[in-house]
1. Among R73, R22, which is at pLDDT 80 or above, in contact with a Lys or Arg (Cβ under 8 Å, 6 or more places away or on another chain) and not β-branched (V, I, T)?
2. State all residues of region 281-307 that are under 18 Å from the mean Cα position of the chain (by Cα), aliphatic (A, V, I, L, M) and part of a helix (DSSP H, G or I); if no residue qualifies, say none.
3. Considering only residues of region 127-143 that are touching a residue at least 60 places away in the same chain (Cβ under 8 Å) and not aromatic (F, W, Y), which is farthest from A24 (Cα to Cα)?
4. F4 - would you say it is modelled with pLDDT under 90, aromatic (F, W, Y) and outside the structural domain of A195 (by TED's automatic domain parsing)?
5. Which members of region 96-112 meet the condition of being polar (S, T, N, Q), more than 12 Å from Y62 (Cα to Cα) and buried (at least 20 other Cβ atoms within 10 Å of the Cβ)?
6. Would you point out the residue of region 279-296, among those that are more than 15 Å from S390 (Cβ to Cβ) and touching a Gly at 6+ places or on another chain (Cβ under 8 Å), that is surrounded by the most Cβ atoms within 10 Å (Cβ to Cβ)?
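The values are calculated or read from the model by the stated rules, or taken from the named source; none is laboratory data. The structure presented is a predicted model; accordingly, all values stated were derived computationally and were not measured. With ideal geometry, Cβ positions are generated from the backbone for all residues, glycine too; neighbour counts draw on all protein chains shown.
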Amino acid sequence: MSAFTDDLPPRPDTGRQVTSARSAVVDAAAIALLVALCGVLALVAPLHEIDVGAVAGGVVLYAIAWQVSFTVRGSTSTALQLIFVPMWFAVPPALLPLVAVAGQLAAWLLQSRISRRPLRGFEGLASAADAWHAVGPALVLTVVGPSAPSMALLPLLVVAAAAQLAAYTLAGQLRALASKRELDQLPARVIGGNAAVDLTLAPLGLVLATVAQQSYWATAGVLPLLALVAKFSGERERRIVHAHELASAYRGTASLMCDVLEADDAYTGGEHTEGVVEMALGVGRELELDASRMQLLELGALLHDIGKLRVPNEIINKPGKLTAEEWEIVKEHPAHGEAMLLRVGGVLAEVAPIVRGHHERFDGAGYPDCLAGSAIPLEARVITVCDSFSAMTTNRSYRQAMSHAEAIAELHRCTPAQFDPRVVDALVTSLEDAPEEGLRIATPVHPAYGTAGSVAGTAPPSRRARLRQLPERRRNRNVAAA
């Protein structure tokens, strides 16, 4: 935003307001349809005796259990099944979705109170519409008919839990479609994580239902367990935040070391390193590396040449061909980089073997350890390929850059002697949609939530601009000192 408009009040986001209003209408219609469905279920299985205490207890305990959440496979789950499964046997199936609506509203009110957020009607409607998950068990129990809870009903429990997940997912997607919002692109691991939590807790809920046959309020005995789960979940979230902050600190340290390297050698620490990082992350995604290995790969690509800080500048920046003695000195930089990272410790110590191995060859003729094949860390093999491709496609003082096609042909020619064939294939695949000139810089991976979150964006020029200004700043300081 321009400095001239910083003091102006923001214009209302009419698009967002229209979307919220449309979503509120859709949620209200979903609730009305759910109530109508309950009426149909009541006609199929008429209501006889209603336990008001069970209904009240279900709403209260539902609202409490909804507050206990934890992260599984990148998705938030709750311990609701411990309370909800006993409700299947204490409340008539036709009333089950309505009790869930009341429980959702009570949970929303309680959460707003705890977080001290203002109450917004459209949030309440959205929360109540989420009660469609109760339709699945209600339909199954209506078809099967009333029965007393027992462990013999485990097959029925699995079917009802699966129907619960299906009803929730389908209703959510239809609401998004009717609201003209983007459909939720839930990966299989997220849906599987939620299903695993529900199926794990459902048998415990059946045990509670067996115990609470006389009074649903006996289910309240699970509250101390919920409090314990909430405590453990809070501690885990704090550790996740700490891990994220620590990872950011490590990446900041790595970036600072690259700044120092770029001040000595703009090619090695600047465009070359940035290009290698981007390509390495693309290859890592093609190889389906997990989040922790993607983090190590990113840091390894960022620091693969850091050992050149210990190589004399007159060798690094020599315009002509190196002598045999000078080449031997250059070949020591992987070991120097490993030693530097081991001194820092922590995650960077795990990156050290990757940095040491990034000049090994697949046939064992590389340096410094003559490792071959799978003995070379996979991350190092990835960096070797990306490092070579970057070097071939970059203009140097003694030659013009190759095109992508020429560089890829050269990679294939040197495979499998120098490069891992699987890594070369992954790089070629990741480069299919890349522009011929100017690769984009990828966003760092998020290490804590099991998800690889690298998103391409434009490379910020600020670091190189700052480094170009260093000589001028030094001259200014010398003039001031004089």
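1. After ruling out the rest, the residue left standing is R22.
2. Residues satisfying the conditions are L281, V283, A291, M294, L296, L297, L299.
3. Of everything passing the filter in region 127-143, T142 is farthest from A24 (Cα to Cα).
4. yes
5. Across region 96-112, there are no qualifying residues.
6. M294
Residue-wise test of (1) touching a helix residue (DSSP H, G or I) at 6+ places or on another chain (Cβ under 7 Å); (2) modelled with pLDDT of 90 or more; (3) not in a loop (DSSP other than H, G, I, E, B); (4) not β-branched (V, I, T).
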residue: G366; (1), (2), (3), (4): no, yes, no, yes
residue: L371; (1), (2), (3), (4): no, yes, no, yes
residue: S374; (1), (2), (3), (4): no, yes, yes, yes
residue: A407; (1), (2), (3), (4): yes, yes, yes, yes
residue: T415; (1), (2), (3), (4): yes, yes, no, no
residue: F419; (1), (2), (3), (4): yes, yes, no, yes
